[in-house]
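Presented below is the structure to which this report refers.
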Amino acid sequence: MIEKLLPLEALQGERHFRWRGGNASRLEALTDSVFALAMTLLIVRTDVPRDYGELVATFQQLPAFAACFALFVLLWYYHFQFHRRFGLENLYTIFLNVCLLFLILFYVYPAKFLFSLLGDMWLLDKRSSLGPDANAGNLMLYYSGGVVGIFLLYTLMYLHAYKHREVLGLNDVEVHITRATIREHLIHVGVGVASLLLAAAGLPAISGLIYLLVGPLQGVNGWISGNAVRSGRVSAG
């Protein structure tokens with residue numbers, strides 16, 4: 001029944017994009033290790049709760065942990081998708097990957113601190129448990145700086161693949177999807193830059209709320225890209 005609903009390509013990868021990457025390379029293995037380390041650093045606490053009060057306090061931190069975990073899973077998937085689509089492992093790609101891994105490890109604590117601060121303020125309706133030195137403006141600067149750096153690197157990786165689209169043998173649909181993915185990452189970069197400017201201007205609340213634009217902008221980008229393929233304006237032939 002499933003075979004009648006979905007083609008084999010969709011079950012093994014993507015319906016409109018042939019994956020050129022093979023088994024996990026040493027570069028991907030290193031990346032997986034770094035992401036695993038980053039997710040370990042996100043853990044709520046390292047010691048076992050000793051009483052019911054500590055157990056409750058641990059579960060109160062669960063929303064912040066879940067948000068950070070989902071964010072890093074998304075970043076990992078972007079990396080996985082790139083290497084499966086193109087299978088590039090030349091020196092320039094390795095350099096971009098190493099820079100990405102460096103930023104991922106830097107990005108862990110700003111993300112964890114920011115989401116913990118938001119959880120304390122919005123979900124628990126109390127002052128931050130991070131201490132009196134917790135500064136929302138500085139946290140937004142660190143967080144948004146990480147967003148800009150990480151997604152700029154993803155953009156450069158896709159631009160590199162797009163530059164070599166003929167060597168990679170990309171068809172028209174794959175070229176179209178590559179361009180749409182470049183726009184997708186540039187949306188993150190643009191919103192991150194706007195957040196940085198707002199945080200530097202002393203508007204940390206607005207610099208955080210501006211990330212709500214990411215969903216609608218990505219939705220429009222995805223609809224435009226998908227509609228072009230579904231309508232036949234762009235075809236693999």
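Please calculate the 1.4 Å probe accessible area of K163, with all protein chains present, and give it to the nearest 10 Å².
Surface accessible to solvent at K163 totals approximately 150 Å².
Heavy atoms only, probe 1.4 angstrom, no DNA, RNA or ligands counted: give me F102, F80, F69, F95 ranked by accessible area, highest first. Present the calculation step by step, with values, prior to reporting the outcome.
Values: F102 140, F80 50, F69 90, F95 120 Å².
Ranking F102, F80, F69, F95 by accessible area, largest first, yields F102, F95, F69, F80.
If you average the sequence gap of Cα pairs under 8 Å that are 6 or more apart and divide by the length of the stretch 147-228, what percent do you get for the contact order?
On the way: 60 pairs, mean separation 26.8, N = 82.
Over the stretch 147-228, the number comes to 33 percent.
Take the alpha-carbon centre of the stretch 181-224, take the same for the stretch 86-121, and report the distance between them in whole Å.
The distance from the Cα centre of the stretch 181-224 to that of the stretch 86-121 comes to 17 Å.
Could you give the length gained on full extension between I94 and N221, defined as 0.36 nm per residue of separation minus the Cα-Cα distance, in nm?
Values: separation 127, 0.36 × 127 = 45.72 nm, distance 2.84 nm.
Taking I94 through N221 to full extension adds about 42.9 nm, to one decimal.
Would you mind checking which residues have amide H under 5 Å from E14's amide H? H placed 1.01 Å from N; only 5 or more apart, or other chain.
W19
Once you put a point 7 Å from the Cα of M39 and another 7 Å from the Cα of L62, both along the Cβ direction, what distance in nm separates them?
Taking the two extended label points, one gets 1.8 nm.
Please work out how much accessible surface W76 shows to a 1.4 Å probe, ignoring ligands, DNA and RNA, in Å² rounded to 10.
Counting only protein heavy atoms, the figure is 90 Å².
Just the accessible area for L203, please: 1.4 Å probe, Å², rounded to the nearest 10?
70
Using the Karplus curve 6.51 cos²θ - 1.76 cosθ + 1.60 with θ = phi - 60°, work out ³J(HN,Hα) for each residue of the stretch 58-64 in order, rounded to whole Hz, and write x for Gly and Pro.
5, 5, 5, 8, 4, x, 5
Is the shape of the stretch 153-237 best called rounded, prolate or oblate, per the rule: a/c under 1.5 gives rounded, else a/b larger than b/c gives prolate, else oblate, with a ≥ b ≥ c the square roots of the Cα gyration tensor eigenvalues?
oblate
Please list the non-local residues whose amide H lies under 5 Å from the amide H of L203, H modeled 1.01 Å from N, same-chain partners needing a gap of 5 or more.
none
Could you order C68, C99 so the one with the most accessible surface comes first? Probe is 1.4 Å.
Working: C68 5, C99 40 Å².
Correct descending sequence by accessible area is C99, C68.
The values are calculated or read from the model by the stated rules, or taken from the named source; none is laboratory data. What you see is a predicted model, and the numbers here were worked out from it, not measured in a lab. A quick note on method: Cβ atoms are made from the backbone with ideal geometry, for glycine too, and the neighbour counts reach across all protein chains shown. The accessibility values were calculated without ligands, DNA or RNA, using every heavy atom of the protein model including side chains. Shrake-Rupley method; radii C 1.70, N 1.55, O 1.52, S 1.80 Å.
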